[in-house]
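Down below is the structure, laid out as structure tokens.
The values are calculated or read from the model by the stated rules, or taken from the named source; none is laboratory data. Predicted model, so just to flag it, every value in this text is computed and none were measured. In this analysis, Cβ positions are derived from the backbone assuming ideal geometry, glycine residues included, and neighbour counts consider all displayed protein chains.
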Amino acid sequence: GVQTRVQTGLEIPRVAEPFIKRKAQRHLEKGRVVIFGAGTGNPYFTTDTAAALRAMEIEADIIMKGTKVDGIYDKDPAKYPDAKKYDTITYSEVIAKGLQVMDTAAISLCMDNNLPILVFDSLVDGNIKKAVLGEVIGTTVTN
């Protein structure tokens, strides 16, 4: 059992705390897991961009993006059986190839701040634990 806290960009009383950087960092210092929800609370910012922003605000080591696929592919693996999975890829390659990992603003924020992104299948039992423990799963995006 791990203690958790949920912080949101919008005020949602009884469900979560509002995002306050200082409080988030304090929770982390106490060994709690902090879950960020509801984006930034500002229009025109996607949840991907919010994740990148929050990760930088709390000085995270990595963004772990749990999805329904086991990594980043050169094309949609659901439509193309010959799709090639990347174990690692650069931010520049993701942008240049137009791969639909995260929006370009989020990728650019991560690239500019050298914040790695791990994309993995969060629907597979045990994968979140593997990701947190640093086991090799999914695709890592770096410089």
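Six or more apart or on different chains, Cβ atoms under 7 Å: show the pairs whose first residue is in the stretch 60-77 and on the phi > 0 side of the Ramachandran plot and whose second is surrounded by 15 or more Cβ atoms within 10 Å (Cβ to Cβ) and polar (S, T, N, Q).
71/139
Tell me which residues, restricted to the stretch 128-143, are surrounded by 12 or more Cβ atoms within 10 Å (Cβ to Cβ), over 15 Å from residue 85 (Cβ atoms) and more than 14 Å from the chain's Cα centre (by Cα).
130, 135
Is one or more of the residues making up the stretch 90-107 under 30 Å from residue 31 (Cα atoms), assigned to a helix (DSSP H, G or I), at pLDDT 95 or above and among the polar types (S, T, N, Q)?
Checking the stretch 90-107: not a single residue is under 30 Å from residue 31 (Cα atoms), assigned to a helix (DSSP H, G or I), at pLDDT 95 or above and among the polar types (S, T, N, Q).
So, in the stretch 67-92, exactly how many residues are under 12 Å from residue 140 (Cα atoms) and either of a type outside the set (D, E, K, R) or surrounded by 12 or more Cβ atoms within 10 Å (Cβ to Cβ) (or both)?
Summing the residues that are under 12 Å from residue 140 (Cα atoms) and either of a type outside the set (D, E, K, R) or surrounded by 12 or more Cβ atoms within 10 Å (Cβ to Cβ) (or both) in the stretch 67-92 gives 10.
As an exercise: evaluate residue 37 against (1) buried (at least 19 other Cβ atoms within 10 Å of the Cβ); (2) at pLDDT below 95; (3) out of contact with any Gly (no Cβ under 6 Å at 6 or more places or on another chain) and give the number of the one condition it does not meet.
(1)
Return the pairs, sorted by first residue and then second, in which the second residue is in a loop (DSSP other than H, G, I, E, B) and hydroxyl-bearing (Ser, Thr, Tyr), the first residue lies in the stretch 29-52 and is within 12 Å of residue 109 (Cβ to Cβ), the beta carbons are less than 7 Å apart, and the residues are 6+ apart or on different chains.
Between residues of the stretch 29-52 that are within 12 Å of residue 109 (Cβ to Cβ) and residues that are in a loop (DSSP other than H, G, I, E, B) and hydroxyl-bearing (Ser, Thr, Tyr), the close pairs are 50/40.
Residue by residue through the stretch 22-62, note down the ones that are assigned to a loop (DSSP other than H, G, I, E, B) and not small (Gly, Ala, Ser).
30, 32, 40, 42, 43, 44, 45, 46, 58, 59, 61, 62
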